Amino acid sequence: MNRWFRMVVAAMATVGAGGMASAQSPFPSKPVHIYVPYAAGGGVDILARTLGDVVSRQWGQGVVVENRPGAGGVVASQALAAAPPDGYTLIVVASGHATNPFLYEKLPYDTFKDFTPISLLASSPNILLVKADSPFKTLADLIAAAKARPGSLAYGHAGNGTSTHLAGELLKNLAGINLNAIPYKGGTPAINDLLGGQIPMSFNNGPESVGQLAAGSVRALAVTTASRASFLPDVPSMAETVPGYDTEVWWGLLGPAGMPPDLVAKLSHDFVAALNTDSVTQRLSKLGASPIGSSPGEFDAKIHADYDKWGPIIKAAGMKAE
């Protein structure tokens with residue numbers, strides 16, 4: 001991140017004191033709108049508002065966060081694709097942006113051609129949760145039970161095609177077990193049913209899990225990233241039991257297609273700088289997320305990599321959007 005930060009600073013210096021060649025006045029000269037494809041209060045919303053507060057102070061202009069939930073992010077993404085490429089309309093997307101082409105028969109935009117990657121912002125592991133009094137003490141216990149009684153166990157997730165759904169499908173695929181996937185309208189309802197005993201386990205992201213873990217009402221069997229999470233150092237990674245297992249949920253910043261390169265460089269620079277501030281890193285740490293900050297090219301490569309990784313798994317599982 002520091003290497004990219006220095007490169008962007010150098011690139012911005014070459015634009016000159018007269019402002020960007022692509023703009024008649026310094027950017028931004030009016031409020032910037034950031035779409036959030038999910039309801040207020042979730043991890044994406046909190047991240048967008050936290051970053052927006054920092055960059056608005058830096059710019060001396062307001063940042064307006066607009067929640068536009070619907071269709072797994074498609075509603076907000078369609079609105080962004082139709083916006084002018086002037087930097088005044090942006091979106092914070094989650095990792096589902098890369099997999100929506102496999103879940104919807106027809107999208108009203110092209111996932112790659114209709115957007116400009118700006119920066120990968122942050123990531124968080126998903127977490128395999130069980131009730132605090134669950135008989136499953138380890139991931140190995142759960143896998144052994146699933147193999148002994150194929151199809152007898154179910155896991156909750158936040159909806160078809162979400163990162164938590166994919167986390168469960170990857171476990172089934174790599175561990176060679178049969179689990180029933182139970183979709184919910186978000187991660188919180190899945191946790192509620194887990195607490196109520198309706199399901200024996202649930203995959204949830206960090207921001208919606210940390211409170212329940214702190215309260216001691218649930219227990220984490222494993223995190224889904226290849227290595228252990230800094231905010232849960234005593235919880236094993238999936239890969240410690242299931243070699244090759246590695247997945248996460250990530251969040252990134254996009255603009256419409258056709259944005260001038262110098263404008264993209266400025267936005268990337270400013271949001272990466274915001275990610276480096278103490279207030280943002282502390283806020284993300286409390287949510288169980290880690291700041292990243294990347295070049296536009298690195299973010300573009302991440303979207304393509306997830307598209308290639310998850311496409312075959314989604315097709316094999318026959319997943320479709322709800």
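Computed values, structure above
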quantity: Packing-based ranking, highest mean first, of 69-77, 162-170 given that Cβ atoms within 10 Å are counted; calculated: 162-170, 69-77
quantity: Accessible solvent surface per residue of the chain, calculated while the other protein chains remain in place, 1.4 angstrom probe, Å²; calculated: 41
quantity: Fraction of beta bridges assigned by DSSP in the chain that are antiparallel (%, nearest 5); calculated: 60
quantity: Fraction of antiparallel bridges per DSSP, segment 122-280 only, in percent to nearest 5; calculated: 65
quantity: Set of aspartates and glutamates near LYS147 by C-alpha distance (under 16 Å), chain-local residues within fewer than 8 positions excluded; calculated: GLU169
quantity: Computed [θ] at 222 nm, deg cm²/dmol, the chain (DSSP H ≥ 4; -39,500 (n - 2.57); rounded to nearest 500); calculated: -12500 deg cm²/dmol
quantity: Residue range of the chain that is longest and free of trypsin sites (Lys or Arg not before Pro) which are both DSSP loop and sparsely packed (at most 10 other C-beta within 10 Å); calculated: 186-322
quantity: Distance cut-off 17 Å, percentage of C-alpha pairs in segment 207-322 lying past it; calculated: 69
quantity: On Cα atoms only, tilt of 206-215 relative to the major axis of the chain in degrees; calculated: 50
quantity: Using θ = phi - 60° and Karplus 6.51 cos²θ - 1.76 cosθ + 1.60, couplings along segment 231-237 (whole Hz; Gly, Pro as x); calculated: 8, 9, x, 8, 9, x, 7
quantity: For THR247, residues with placed amide H under 5 Å, excluding near neighbours; calculated: THR225, ALA226
quantity: Ratio of Rg to Rh over segment 283-322 (Cα coordinates, Kirkwood Rh, two decimals); calculated: 1.15
quantity: Distance between segment 299-322 and segment 98-164 - C-alpha centres, whole angstrom; calculated: 11
quantity: Diffusion constant of segment 90-146 at 20 °C, which comes from Stokes-Einstein with the Kirkwood Cα-pair radius and 1.002 mPa s, µm²/s; calculated: 140
quantity: Estimated D of segment 176-229 in µm² per second, where Rh is the Kirkwood radius over Cα pairs and Stokes-Einstein applies at 10 °C, 1.306 mPa s; calculated: 130
quantity: In degrees, nearest ten, helix 163-175 long axis to first principal axis of the chain (Cα); calculated: 50
quantity: Lys/Arg +1, Asp/Glu -1 at C-beta; the chain dipole; positive extreme among SER209, ALA167, ILE177; calculated: ILE177
quantity: Cα centroid separation - segment 179-201 against segment 212-287, whole Å; calculated: 23
quantity: Cα-centred dipole magnitude for the chain, charges only on beta-carbon of K, R (+1) and D, E (-1), debye, nearest 20; calculated: 260
quantity: Using alpha carbons only: equivalent-ellipsoid semi-axes of segment 13-160, gyration tensor based, whole Å; calculated: 41, 19, 13
quantity: Cα pair count fraction exceeding 28 Å, expressed as % - the chain; calculated: 40
quantity: Accessible carbon and sulfur surface of segment 34-102 relative to its total accessible area, %, 1.4 Å; calculated: 54
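The values are calculated or read from the model by the stated rules, or taken from the named source; none is laboratory data. Note that the coordinates shown come from a computational prediction; the quantities given were computed from them, not determined experimentally. Virtual Cβ from ideal backbone geometry, glycine too; neighbours counted across all protein chains shown. Surface areas here come from the heavy atoms of the whole protein model, side chains and all, with no ligands, DNA or RNA. Shrake-Rupley method; radii C 1.70, N 1.55, O 1.52, S 1.80 Å.
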